[in-house]
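The values are calculated or read from the model by the stated rules, or taken from the named source; none is laboratory data. Predicted, not measured: the structure shown is a model, and the values here were computed from it. Here the Cβ positions follow ideal geometry from the backbone for every residue, glycine too, while neighbour counts run over all protein chains shown.
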Amino acid sequence: MITNTLPKSIENCPIIDALIEIRFTSKIHQNAIFGIIYNALKSDFSKIEDLPILQIPEPIRMSDPNFKYKPLYRISNDEFVIQIGPDVLAIGSYPKYVGWKKFSSKIFEILNKVEELKIINEVERLGIRYINFFNEDIFNNIKLEIILDNKKLKSQKSVIRTEFSNGKFVSTLQISNDAKSNDIFGSIIDIDCHKTKGLQDFFNNKETLINEGHLIEKKLFFELISDEYLKKLNPKY
């Protein structure tokens, strides 16, 4: 059972991707977004990449709602990556998770610079997402069971997706034991805590909002993991 004290970290960290994402409307032409943001951040992020979605013709991207919030470019350094699109900005700790203290500090630093550009009209969605990978069947080590005809269901390939709401954030939880990372098969726990309301004054309240979403994500993860398995991950308090 989770106590009021959550681990500050776990030594055998399963996090393979961590990011925060904001979706927004802009005050300027969408085609100018990337250049302006990149110019403000390029001193810290020297590597720049076009993402594969750019191969799709612009008229198709603009008309298909599935592409609306897809980033077009990626800039990165050794510890962090930023993906930028006409109406989306995602900041990630990659390829290795650096811990929330360092990650959040970089998030707020970047968002402060973006705010100063005065190009964002309104933030429509905030998301905090963590993807965890385990090189085993995670269904054996979580406090979640699938019951069929009063019997616990065990499957070699299971995917579960569900949502929880606490009135402030909605948490989308996805669990699969048929995942792959770096050519290794295993399981993932993917948690996306997001909100679309109460963001009118996002930049003035960004630290409170992002820290709150991160805490909700963190609590859900540790509530899900069994006590025995958590000990194997060697938590630090």
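Which condition number in (1) within 18 Å of F202 (Cα to Cα); (2) charged (D, E, K, R); (3) assigned to a strand (DSSP E or B) is the one that R74 fails?
Every condition holds for R74 apart from (1).
Look through G99, G127 and report the one residue that is touching a His at 6+ places or on another chain (Cβ under 8 Å) and small (G, A, S).
Working: G99 fails: touching a His at 6+ places or on another chain (Cβ under 8 Å).
The unique qualifying residue is G127.
Within the group I33, I84, I22, which residue is touching a residue at least 12 places away in the same chain (Cβ under 8 Å), of a type in the set (A, V, I, L, M, F, W, C) and not in a strand (DSSP E or B)? Working first, answer last.
On the way: I84 fails: not in a strand (DSSP E or B); I22 fails: not in a strand (DSSP E or B).
Only one candidate qualifies: I33.
For segment 98-138, how many residues meet the condition of being without any contact (Cβ under 8 Å) to a residue 40 or more places away in the chain and part of a loop (DSSP other than H, G, I, E, B)?
Count: 1.
Which numbered condition in (1) free of Cβ contacts under 8 Å to residues at least 12 places away in the same chain; (2) within 18 Å of the chain's Cα centre (by Cα) is the only one that G213 fails?
For G213, the exception is condition (1).
Conditions: (1) crowded, with 16+ Cβ neighbours inside 10 Å; (2) under 19 Å from the mean Cα position of the chain (by Cα); (3) within 23 Å of P71 (Cα to Cα); (4) not charged (D, E, K, R). S105 meets all but one. Number of the miss?
(1)
For segment 143-188, which positions are in contact (Cβ under 8 Å) with a residue 24 or more places away in the chain, farther than 18 Å from F133 by Cβ and within 20 Å of the chain's Cα centre (by Cα)?
Going residue by residue through segment 143-188, those that are in contact (Cβ under 8 Å) with a residue 24 or more places away in the chain are 143-144, 164, 166, 168-171, 173, 175, 177, 179, 181, 184-188.
From the residues that got through so far, the ones that are farther than 18 Å from F133 by Cβ too are 143, 164, 166, 168-171.
Correct list: F164, N166, K168, F169, V170, S171.
For segment 51-62, how many residues meet the condition of being surrounded by fewer than 10 Cβ atoms within 10 Å (Cβ to Cβ) and in a helix (DSSP H, G or I)? Give the steps one after another, and end with the answer.
Within segment 51-62, the subset surrounded by fewer than 10 Cβ atoms within 10 Å (Cβ to Cβ) is 52, 55, 57, 59-60.
If we keep only those that are in a helix (DSSP H, G or I) too, we end up with 52, 55, 59-60.
Qualifying residue count for the region: 4.
Table: residues versus (1) touching a strand residue (DSSP E or B) at 6+ places or on another chain (Cβ under 6 Å); (2) surrounded by 13 or more Cβ atoms within 10 Å (Cβ to Cβ); (3) charged (D, E, K, R).
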site: T25; (1), (2), (3): yes, no, no
site: S46; (1), (2), (3): no, no, no
site: L111; (1), (2), (3): no, yes, no
site: E115; (1), (2), (3): no, yes, yes
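State which residue is farthest from I20 (Cα to Cα) when the search covers only segment 173-223 and only residues that are buried (at least 20 other Cβ atoms within 10 Å of the Cβ) and at pLDDT below 95.
Once the filter is applied, the top-ranked residue is N177.
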